[in-house]
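Below: one structure, written as structure tokens.
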Amino acid sequence: MSPRDPAPPRDPAGSGPSRDPGSQGPAWDSDELIGLDPQDPEAQAFAAHLARIRRDRPGFTVEGYLDGVTDFADSANRSNGGRRLLAVVLVGLLLLVAAFLIWDALRFVVTTWL
């Protein structure tokens, strides 16, 4: 790629440069995508959506839980309006509860041992 060549367009999921239709990967082998233009941004977004839905990951491991948190953060970043506000409030409440539990545990330790 020479310096004057433009950078290849990125896919909506942000997983790297988009490829030519013949090498779109497993998402483009789906029956739901037959007849869609691989260069269409809406079709790329739909393919990314299908890839997220079909992703198989461990459910009851630390990696699986962290993957779920990553999915929630990515989803919250894609949303707007009321859904984004709800995600921000939910995260704020979770942080508030975590701070209260840490404070309560520290208070218990200090009052018990001193």
- Note on the structure: On each of the three principal axes the extent of the alpha-carbon atoms of region 28-110, given in whole Å and largest first, is 66, 32, 14
- Task: Sticking with the crude label model, points 7 Å out along Cα→Cβ, report the distance from V91 to D71 in nm, one decimal please.
- Result: 1.8
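Laboratory data are not the source of any read-out in this text; all were calculated from the coordinates shown. Since the model is a prediction, treat every value here as computed from it, not as a measurement. When we count neighbours, we look across all protein chains shown, and the Cβ atoms used for this are built from the backbone with ideal geometry, even at glycine.
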